[in-house]
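The values are calculated or read from the model by the stated rules, or taken from the named source; none is laboratory data. Owing to the predicted nature of the structure, the values given are computational and were not obtained by experimental measurement. Cβ placement follows ideal geometry from the backbone for every residue including glycine, while neighbour counts extend to all protein chains displayed. Heads up: the accessible areas ignore ligands, DNA and RNA and are worked out on the full protein's heavy atoms, side chains in. Shrake-Rupley method; radii C 1.70, N 1.55, O 1.52, S 1.80 Å.
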Amino acid sequence: MKIRIGIIGGSGLENAIEGERVLVNTPYGDVLVKVGVMVNEKVAFIPRHGERHETPPHKVNYRGNLWALKTLGVERVIATNAVGGIRDGLNPGDLLIPHDFIDFTKGRTYTFYDQKAVHVDLTTPYCPEIRRIIIEVAEEMGIKIWDGGVYVCTEGPRFETPSEIRMFRLLGADVVGMTGVPEVILARELKMCYATICVITNYAAGMQKRISHEEVNEIMRGKTRVIVEIMNKVVQRIPVERKNCMCGL
């Protein structure tokens, strides 16, 4: 089976794509992948938190998920993340395509290279070609989208404190989430292009009275249709050959 495009659906997109369920054996455990079709392109879809959103962010099998996609032949990965907005002007419902990240996770496994020293270049952590295509598609659809931003990843599953958010703001973070790392790192280690669509579901801690998981889910449910529509158009435009990025080097 050779599938060149993989999709990792975050909160609210657990059932965004239907297809044949394939159990992929990896060195990190078996991973259930849905093999479906977007437009005329076969894609491999993984709901990051499980089909019933049963897996919290710090327990996601990040290595298994990326290895399973690579096993199926995937070279390009489009992901989604629910995030809190830190930068002034970002509002719930907005979309942002990050260009960089800051890692504040604590207890995760960040690499496939446990037995040898390998230093992977992350000067450009997110694939510039896929980022450009996502932004172009959204703009053509008349959807408000932020081109670029710094994603800060925290351990979770708790939300952040107001003091942590103030610190992240000082460090230059624009949005905060719990699942972007190590996913983006592992994709680069496997030489896969990776970009993500961040959906701002709330203002970060201290910028609104309180944050609830229900609020996050409500915003994500409202955005599912448009995100799937964006992905359909992006999949159509991703070229077969990788010429405009260095992700595979």
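If you check every pair at least six apart or on different chains, which have Cβ atoms under 7 Å apart with a residue in the range 27-38 that is at pLDDT 95 or above first and a residue that is open to solvent by 30 Å² or more (accessible area, probe 1.4 Å) and of a type in the set (F, W, Y) second?
Going by the 7 Å Cβ cut-off, the qualifying pairs are P27/W67; Y28/W67.
Select from the range 76-122 the residues that are open to solvent by less than 20 Å² (accessible area, probe 1.4 Å) and charged (D, E, K, R) and write down the one among them that is modelled with the lowest pLDDT.
D94
When you scan the range 139-249 for helices (runs of 4 or more DSSP H) that lie fully inside it, which ones turn up with 3 or more residues that are in contact (Cβ under 8 Å) with a residue 24 or more places away in the chain and under 14 Å from the mean Cα position of the chain (by Cα)?
In the range 139-249, the matching helices (runs of 4 or more DSSP H) lie at 183-189, 213-237.
Looking at K34, K70 in this structure, which one is out of contact with any His (no Cβ under 7 Å at 6 or more places or on another chain), of a type in the set (D, E, K, R) and assigned to a strand (DSSP E or B)? Even if it seems obvious, please write down each step before you answer.
On the way: K70 fails: assigned to a strand (DSSP E or B).
Result of the check over K34, K70: K34.
Taking into account only those residues within the range 180-193 that are touching a helix residue (DSSP H, G or I) at 6+ places or on another chain (Cβ under 8 Å) and closer than 19 Å to G10 by Cβ, which is surrounded by the most Cβ atoms within 10 Å (Cβ to Cβ)?
A187
With the requirement that a residue be polar (S, T, N, Q) and either surrounded by fewer than 16 Cβ atoms within 10 Å (Cβ to Cβ) or in contact with a Ser or Thr (Cβ under 6 Å, 6 or more places away or on another chain) (or both), what does the range 147-179 give you?
Matches in the range 147-179: T161, S163.
Applying the selection to the range 49-67, what residues are part of a helix (DSSP H, G or I) and surrounded by 14 or more Cβ atoms within 10 Å (Cβ to Cβ)?
P57, H58, Y62, R63, G64, N65, L66, W67
Which of the residues spanning the range 37-48 are open to solvent by 10 Å² or more (accessible area, probe 1.4 Å), in a strand (DSSP E or B) and under 16 Å from K2 (Cβ atoms)?
Answer for the range 37-48, where residues must be open to solvent by 10 Å² or more (accessible area, probe 1.4 Å), in a strand (DSSP E or B) and under 16 Å from K2 (Cβ atoms): V37, E41, K42.
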